[in-house]
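Engineer: Below are the structure tokens for one structure; questions will follow.
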Amino acid sequence: MALQAVYDRSPIFFQNIMTTVKGYKNAQTRYGKAYYAYRAFLKDFATWPLEKKLEYQRAELVRFVRYAYENSAFYRELYAGIDLDSVRSAEDLQKLPVVDKEMLRANIDSCIVRGTPYVESHTGGTTGKSLTVHFTVDDYMKRMASLDHFKAKVGFEHLKMRRATFNGKHIVPPGQTKKVFWRYNRACKQMIFSSFHITEENMGYYVEELNRFKPQALDGFFSSICDIAGYIERHNLKLDFTPVAIFPTSETLTQEGRALLERVFGCKVFDQYGSSEGAPFVMECPDQVLHVWLDSGVFEPFGEEGEVLVTSFTTHGTPLIRYRIGDRMIFDPNASCTCGDNQPIVRSIEGRRLDFLYTAKGAKINGGNVSNILKNLPNAVVRSQFLQSKKEEVTLLLEVDPALYKPEYNDQIQEEFRHKFGEDTKLTIRCVEEIPREKSGKFRMIKNTVDETADRQQS
């Protein structure tokens, strides 16, 4: 937080330098020997017949289950009395217990594998739990290699081409008056745009900067990019560039939103699926069909509503085996794709809700950004819910782990909130024994009852 305070007090030109320095530092854990080796492997893997890919998946599964048992105290206890030699395929995974987010949060110290360099990942998620997981550096590089291989297949080569990213980084200090809502990461040829300041008043500045920067790809929050595209279309603005592709993240794509982006930017949109915990990958091919990437892990149908369990081969730091991530997928086992990719097809992905909250100035803060307010609390939040009935006010209900939650965390939450919502939006924090679920039995992290129509009429 001390470094963030230095950043906030610095002039914009120095903030760009700090952003670039952080970019070079991140590159050390993303683009090393393992990254380039896996890029080469994926090129070869793409040419394999399906049976060879499935055999590779089976071999990796056997190896990974044994690895988790031998190196994680949590899995060693969980699998006590189970004949692991009988787990030889994805179908055999049913012999193992299901792991959910609460089990992982409550046992994270015994689950994490110690002794190797790691990258820490923080997630809030749709249930509002604070969860910290570890990736080995090799795992992290392999995940970056998979993402960049996916983008290269449709013509965008990371580190060599310019991209505009709309995400939840704290790049604009609270109270900044200058209409500069972006910072440049020279290390990755990346212009980072704040998703927290996208209002009708500000969007013209965003468009001007996009035209100046001329990105060759856009990525980041789907709803943020759609807001910009809607503004461009409403005002009949001209773009001075045509990207190779758009790669939305974190949210469920809608057909209307995809059509809007493709119409405004003149390029295709390619969806992707993973998770901050490290789920296996589902990626769209050049023909815009979703495929499971068999090298990255296993998806299992679970229950009657299309929910899936994930087993990920790039989670050696915090193993995920039969992990109940909460998302739903519809598979099409008999379908084939004209792109030539023989890996299984996913017809739809559900579960990444488009819930959002407003700032006092009317900007939309999407669910991913909202959940990240709690991400730096080390596994201390059991469940959270954000309530909003007026744009100027948000109430946060917290179920906490008394053994892990500290009073100073309230100040930390307020600071994270201020960075995202600005200084004009008030946050009230209430610790409660239990947050009620909906009548359906499902849990909602965000409940927004703001009447936008009435609000516009009053203004």
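Engineer: Tell me the net charge near residue 392. Cut-off is 10 Å between Cβ atoms, residue 392 excluded, with +1 for each Lys or Arg and -1 for each Asp or Glu.
Structural biologist: +2
Engineer: I'm spelling it out carefully: the read-out is Kirkwood radius over Cα pairs in Å, the candidates are (1) 23.2; (2) 28.4; (3) 26.6, and one was derived from this structure. Which label?
Structural biologist: After the calculation, the listed value that fits is (1).
Engineer: Please report the antiparallel percentage of the DSSP beta bridges confined to region 124-252, to the nearest 5.
Structural biologist: The answer is about 20 percent antiparallel.
Engineer: Pop the C-beta distance of residue 159 and residue 332 into the FRET formula with R0 = 25 Å and round what comes out to the nearest 0.05.
Structural biologist: So the FRET efficiency works out to roughly 0.15.
Engineer: Determine, from the Cβ-Cβ distance of residue 202 and residue 86 and an R0 of 41 Å, the FRET efficiency 1/(1 + (r/R0)^6), rounded to the nearest 0.05.
Structural biologist: Working: r = 59 Å, r/R0 = 1.44.
It comes out at approximately 0.10.
Engineer: Identify the GluC sites (Glu not before Pro) of region 378-422 meeting these criteria: DSSP loop state and at most 10 other C-beta atoms within 10 Å of the C-beta.
Structural biologist: Those that pass, being in a loop and sparsely packed, are 408.
Engineer: Fully extended, how many nm does the chain gain between residue 237 and residue 71 (0.36 nm per residue separation, minus their Cα-Cα distance)?
Structural biologist: 54.1 nm
Engineer: Once you list every other residue whose beta carbon is under 12 Å from the beta carbon of residue 56, what net charge do they have if Lys and Arg are +1 and Asp and Glu are -1?
Structural biologist: -1
Engineer: Right, another one. Read phi for every residue in region 167-183 and hand back ³J(HN,Hα) as whole Hz from Karplus 6.51 cos²θ - 1.76 cosθ + 1.60, θ = phi - 60°, with x for Gly and Pro.
Structural biologist: Karplus values, whole Hz, x for Gly and Pro: 9, x, 5, 7, 9, 10, x, x, x, 4, 9, 5, 7, 10, 9, 8, 9.
Engineer: Set the bar at 22 Å for Cα to Cα. Now go through 53/142; 22/153; 179/447 and name every pair that lies beyond it.
Structural biologist: From 53/142; 22/153; 179/447, over 22 Å: 22/153; 179/447.
Engineer: Could you name the aspartates and glutamates whose alpha carbon sits less than 16 Å from that of residue 390, not counting residues in the same chain fewer than 8 places away?
Structural biologist: 355, 423, 424, 451, 452, 455
Engineer: Next question, about the same structure. Take every DSSP beta bridge whose two residues both sit in the chain, then give the antiparallel share in percent to the nearest 5.
Structural biologist: 60
Bear in mind these aren't lab numbers, they're just calculated from the coordinates by the rules spelled out. On a predicted model such as this, the values are computed, not experimentally measured, just so you know. In this analysis, Cβ positions are derived from the backbone assuming ideal geometry, glycine residues included, and neighbour counts consider all displayed protein chains.
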